[in-house]
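In what follows, a single structure is set out as C-alpha cells and then discussed.
No value in this document is a laboratory result; all are computed from the given coordinates. Note that the structure is a prediction, hence the values are computed from the model and not measured. As a convention, Cβ positions derive from the backbone with ideal geometry for all residues, glycine included, and neighbour counts pool all protein chains shown.
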Amino acid sequence: MPVRCSIQYLSISQLYYTKLRLGSPPKDFYVQVDTGSDVLWVSCASCNGCPQTSGLQIQLNFFDPGNSVTASPVSCSDQRCSWGIQSSDSGCSVQNNLCAYTFQYGDGSGTSGFYVSDLLQFDMIVGSSLVPNSTAQVVFGCSTSQTGDLVKSDRAVDGIFGFGQQGMSVISQLASQGLAPRVFSHCLKGENGGGGILVLGEIVEPNMVFTPLVPSQPHYNVNLLSISVNGQPLPINPAVFSTSNGQGTIIDTGTTLAYLSEAAYVPFVEAITNAVSQSVRPVVSKGNQCYVIATSVADIFPPVSLNFAGGASMFLNPQDYLIQQNNVGGTAVWCIGFQRIQNQGITILGDLVLKDKIFVYDLVGQRIGWANYDCSMSVNVSATSSSGRSEYVNAGQFSDNAAPQKPSMDIVGNTLILLLMVINMFL
C-alpha cells in the first residue's frame, strides 16, 4: 500500500509538487512528488469526482488519451501491465481489456483508473548542452475516480508522481531505456515559500552519509537504530524499530509530518519537554505537546539525531521536529511535529524531517544518503560517465516561467532535470 499519511490534529499542510508535460501536443500537469508510492498518475478527462479547481493557484488539467496522437491504452495482454500486477496495484478489466489499477493510500484516500502509454517531455543535459523538449515513452495512470483528501480543492493537484522502486515507476522505466541512471535526488526547501530541486541523477555533496536500504521492501525502508536528544540516547527498546514483518522506518516525501510508534513517541516528547521546561511553558493542545515560547526555538530546544545502520546519523534542528501553530499574547506556540502511530511498529519520516537536506536514492547501490543543505543554493550533479567527473549545476538557472538556460559548467553524462515548483503551507 502506498504510504502518504494524513496530517492529524496539527493545523498545517504542505505539499511539494512539480510540473510535467505529457502527450502530443504536450500538456502541463502538476503532480505531487511521492517517494512512498510507485506510479505516476494524472486525472483523466473521464474522471468522476476529481477536483476542478485548486487552492494552490494552479490550473488543473485533465489527460484525454483521444487528444494525444501518441497515446495508447495499455491492454491486459501487454507485458507492461505485469509491472503493476507485480506490486499488486493493477489488474485486468474483462469488459474492455484495459490494464486497470486501484490505489488506496495510508490516509484513506484512493484513486482508480487505467494505464496509458504516452510521451513524457523533459529537459536533458548531455555533455555541456541542455537539450530541451526531449521525450520518452512511459506508462502512467489515467485516473477515472478519486476519493478522500485527493478531491479536496484547497490543495488539489493533477496527480501523484510516484518514485518507488517497482517496474511501473518512471525512474525504473527511464533507466530501462538508458535515459536516466537508477538514482534520483531531491533538496526540499523548507522556508520562504519552499521550492527546491528534483534530479533524476545524483546530487553530490561532500558531507553526505549513507545507510543501506532494507532488502525486499515495497518502500524506501531504512534501519533506524536509536534516537538521541542532546547527545543522549533515549531509553527505547531497539525492537521498536525492527524491520521485520512489514515494520521499520520509511522515507516518504508524500507524508507531511513524521510518525513514531507509541513506544518511541512518549520518551521522545518527554526528553524534549524536560530539556526546555525551565525556559518555556508546556501546554497540551488537541493531544499534542506544545510550548509557549517568548524567544527563538533555536536558542532553547535541543538538537536531535536519528541514528541508522552503517553509522549514519540524521541531525535535526528544532525546526525539523517542531511546528509553529499560532501566537498567544505576542508569544509563539510551537508543537512537536512528530505524531504517534499506535500498534503498527512503523516510523515514517516525512517532509518535516526531509526538508533542508539533500537526499540521494541510490537504487543500484541500494542505499539512501543525506546531508544538511540550503536548498536555495546550487548543487553538484553527477551522472554515469566514463570519466567519473561531477560538475556544477545552478538550480536557480532552471525556471518554470522562463526558457531553460545553459548550465554554467559542463554536466557529465545524461541527466534529467526536474524542478520542484512550489511548497504550499496552510497555517
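Candidate cross-link partners of Lys27 among the aspartates and glutamates, defined by an alpha-carbon separation under 19 Å and a same-chain spacing of 8 or more, comprise Asp64, Asp118, Asp123, Asp158, Asp400. Inter-label distance, Gln137 to Gln59: 3.0 nm, where each label sits 7 Å from its Cα along the C-beta direction. Using the alpha-carbon positions of region 218-316, Rg (one decimal) and Dmax (whole number) come out as 14.7, 45 Å. Residues of region 95-115 falling in the label zone of Gln344, defined by backbone nitrogen less than 12 Å from a point 7 Å along Cα to beta-carbon, are 105-109.
If you stretched the chain out fully between Asn97 and Asn380, how much longer would it get, using 0.36 nm times the residue separation minus the C-alpha to C-alpha distance? Spell out each step's value before the answer.
Values: separation 283, 0.36 × 283 = 101.88 nm, distance 4.60 nm.
Computed gain between Asn97 and Asn380 is 97.3 nm.
Say R0 is 45 Å: what FRET efficiency, to the nearest 0.05, do Lys152 and Asp299 get from their beta-carbon distance? In this case the efficiency is close to 0.75.
Once the convex hull of the C-alpha atoms of region 14-93 is built, how many Å³ does it hold per residue, rounded to a whole number?
Taking only Cα atoms, region 14-93 has a hull volume of 130 Å³ per residue.
For region 296-376, what mean projected area does the convex hull of the alpha carbons give, in nm²? Don't skip to the answer; put the middle values down first.
Details: hull surface 30.9 nm².
Reported value for the Cα convex hull: 7.7 nm².
Calculate the FRET efficiency for Thr273 and Asp123 from the Cβ-Cβ distance with a Förster distance of 56 Å, rounded to the nearest 0.05. Could you put the intermediate results ahead of the total?
Numbers: r = 48 Å, r/R0 = 0.86.
Step by step, r from the Cβ atoms, then E = 0.70.
Using the beta-carbon distance between Asn327 and Asn307 and R0 = 51 Å, what value does 1/(1 + (r/R0)^6) give for FRET efficiency, to the nearest 0.05? Could you put the intermediate results ahead of the total?
Values: r = 35 Å, r/R0 = 0.68.
In this case the efficiency is close to 0.90.
Across region 126-204, the volume of the C-alpha convex hull divided among the residues equals 169 Å³ per residue.
About its Cα centre, the dipole of region 103-222 is roughly 160 debye, where the only charges are +1 on Lys and Arg Cβ and -1 on Asp and Glu Cβ.
How would you rank 342-353, 299-310, 36-47, highest first, on the average number of other Cβ atoms within 10 Å across their residues? Please report the intermediate quantities before stating the final value.
Numbers: 342-353: 19.6, 299-310: 17.8, 36-47: 24.2.
In descending order of packing, they fall as 36-47, 342-353, 299-310.
For region 302-376, the dipole from Cβ point charges (+1 on Lys and Arg, -1 on Asp and Glu) about the Cα centre works out to 160 debye, to the nearest 20.
List the lysines whose Cα lies under 23 Å from the Cα of Lys357, skipping any in the same chain that are fewer than 8 positions away. Candidates past the 8-residue exclusion: Lys19, Lys189.
What aspartates and glutamates does Lys152 reach when the alpha-carbon gap must be under 19 Å and sequence neighbours fewer than 8 apart in one chain are set aside? Within the straight-line limit of under 19 Å, Lys152 reaches these aspartates and glutamates: Asp34, Asp107.
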